[in-house]
């Protein structure tokens, strides 16, 4: 997935190499912002607990923490390509690589968990109960979906070659 921009027809007319990180960062920021904007809109429109239970905000908070966890680890750390010097040598390097993989795995678990929980809130809390107002459930789902996809764009849309 790291080379999906090169497959576009206009890849000859635009130099994606230097603009790729900028485009991916802006797209991820717009997705993240849109997710939080939607949930803030729902909280303002439906301020009472009967219309919109405010404990549903926990899904968005967990998705935000997952966004930060996923993007705190570089791809080089996960692959084991980062430096191996230091006082402990290769032993500490392998331990750091495994720690990075575990950290990334926990981040993805939180991201998928919050996305699944938002679906449960939408369908279990609003659609199955046949409430007249469904928008808060849709807002919770779209908030988590936008944060999730924003995290994926920010993680896999950028390249680390320009950081060297």
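Taking region 130-164 as the range and being in a loop (DSSP other than H, G, I, E, B) and either modelled with pLDDT of 90 or more or within 8 Å of the chain's Cα centre (by Cα) (or both) as the test, the residues that pass are 133, 134.
Every residue in region 38-64 that is within 21 Å of residue 153 (Cα to Cα) and either loosely packed, with under 14 Cβ neighbours inside 10 Å or modelled with pLDDT under 95 (or both), please.
61 - this is the single residue of region 38-64 that is within 21 Å of residue 153 (Cα to Cα) and either loosely packed, with under 14 Cβ neighbours inside 10 Å or modelled with pLDDT under 95 (or both).
The residues on offer are 32, 93, and the sole one that is surrounded by 12 or more Cβ atoms within 10 Å (Cβ to Cβ), farther than 18 Å from residue 159 by Cβ and at pLDDT below 95 is 93.
Contact map, region 32-43: first residue touching a residue at least 12 places away in the same chain (Cβ under 8 Å), second residue buried (at least 22 other Cβ atoms within 10 Å of the Cβ) and not in a helix (DSSP H, G or I), Cβ cut-off under 8 Å, separation 6 or more or different chains; pairs are 42/52; 43/52. Within region 67-90, the set of residues being out of contact with any helix residue (DSSP H, G or I) (no Cβ under 6 Å at 6 or more places or on another chain), loosely packed, with under 15 Cβ neighbours inside 10 Å and modelled with pLDDT under 80 comprises 79, 81, 83, 85, 87, 88, 89, 90.
The values are calculated or read from the model by the stated rules, or taken from the named source; none is laboratory data. Bear in mind that the values here come from a model prediction, so they are computed numbers and not experimental data. Because the Cβ atoms are built from the backbone with ideal geometry, glycine has one as well, and the counts that use them run over all protein chains shown.
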